[in-house]
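The values are calculated or read from the model by the stated rules, or taken from the named source; none is laboratory data. Remember, predicted model here, so these are calculated numbers, not experimental data. Glycine also receives a Cβ, built like all others from the backbone with ideal geometry; neighbour counts cover every protein chain displayed.
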Amino acid sequence: PMDRILISACLLGRPVRYDGTGRRLADPRLERWQAEGRLVPICPELMGELPVPRPAAEIAGGIGADVLAGRARVVTAAGEDMTAAFVAGAEVALDLARRNGCNFALLIDRSPSCGSFNIYDGTFSGRRMAGAGVTATLLAAHGIGVYADHEIDRLAEAVETGTRREPDAG
Ligand code: SF4
């Protein structure tokens, strides 16, 4: 059977980011996968019932794994606790992956949900740190091959050869 791929909806240009924008990744492989019915768009923050637009949020005191373990929180710059929505959205994303047979995910980097290499450090100063967001961490922990937007070449190779990546996000 054809591998299906979860994809951050903002990468398809959908205006779901916190500021109401998308971040379309123009790539012929994405167009082909979409035409083949392989892409399953997700926006974990919307699936956690957050609105568009919404205040920017960062993980304070850790990375996605710490949020899932209850050791860190997702907060806005004003200090509002968004943790429950981010965790709920990650769980919906995992459920969608399972129900749609997605072994892969292509997620936009640096998001507190979708980031898989880097996230912001929780100080709202634009500083980044190594680490994955809440959804990327949960998906990888359940064996889904998580790739960042800038890794689409590696994803394409894995999809073509049917190779499963060892979970490493987070
Ligand atoms: Fe894009 Fe993920 Fe943020 Fe939704 S949660 S806007 S899909 S980066």
Next item on the list: Could you grab me the full set of residues in the stretch 101-118 that are touching a helix residue (DSSP H, G or I) at 6+ places or on another chain (Cβ under 9 Å), in a loop (DSSP other than H, G, I, E, B) and not β-branched (Val, Ile, Thr)?
Entry: ASP109, SER111, PRO112, SER113, CYS114, GLY115, SER116, PHE117
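Identify the residue in the stretch 9-28 that is in contact with a helix residue (DSSP H, G or I) (Cβ under 7 Å, 6 or more places away or on another chain) and surrounded by 15 or more Cβ atoms within 10 Å (Cβ to Cβ) and, among all such residues, is nearest to ASP153 (Cα to Cα).
ASP27
At least 2 residues that are more than 14 Å from the ligand (Cβ to nearest atom) and at negative phi in each: list the helices (runs of 4 or more DSSP H) lying fully within the stretch 1-93 that qualify.
28-35, 64-68
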Notebook entry, point to check: Any residue at all in the stretch 119-135 that is more than 13 Å from the ligand (Cβ to nearest atom), assigned to a loop (DSSP other than H, G, I, E, B) and crowded, with 21+ Cβ neighbours inside 10 Å?
Noted result: yes
Notebook entry, point to check: Can you pull out the residues in the stretch 76-118 that are surrounded by fewer than 18 Cβ atoms within 10 Å (Cβ to Cβ), closer than 27 Å to THR163 by Cα and among the charged types (D, E, K, R)?
Noted result: GLU91, ASP95, ARG98, ARG99, ARG110
Next item on the list: Considering each of ASP149, ASP109, ASP121 in turn, give the residue that is in contact with a His (Cβ under 8 Å, 6 or more places away or on another chain), modelled with pLDDT of 95 or more and among the charged types (D, E, K, R).
Entry: ASP109
Checklist line | Condition check for ARG98: of a type in the set (D, E, K, R), assigned to a helix (DSSP H, G or I), without any contact (Cβ under 8 Å) to a residue 60 or more places away in the chain and under 21 Å from HIS142 (Cα atoms) | finding: yes
Next item on the list: Would you check if ALA136 is within 22 Å of THR163 (Cα to Cα), in contact (Cβ under 8 Å) with a residue 60 or more places away in the chain and in contact with a strand residue (DSSP E or B) (Cβ under 8 Å, 6 or more places away or on another chain)?
Entry: yes
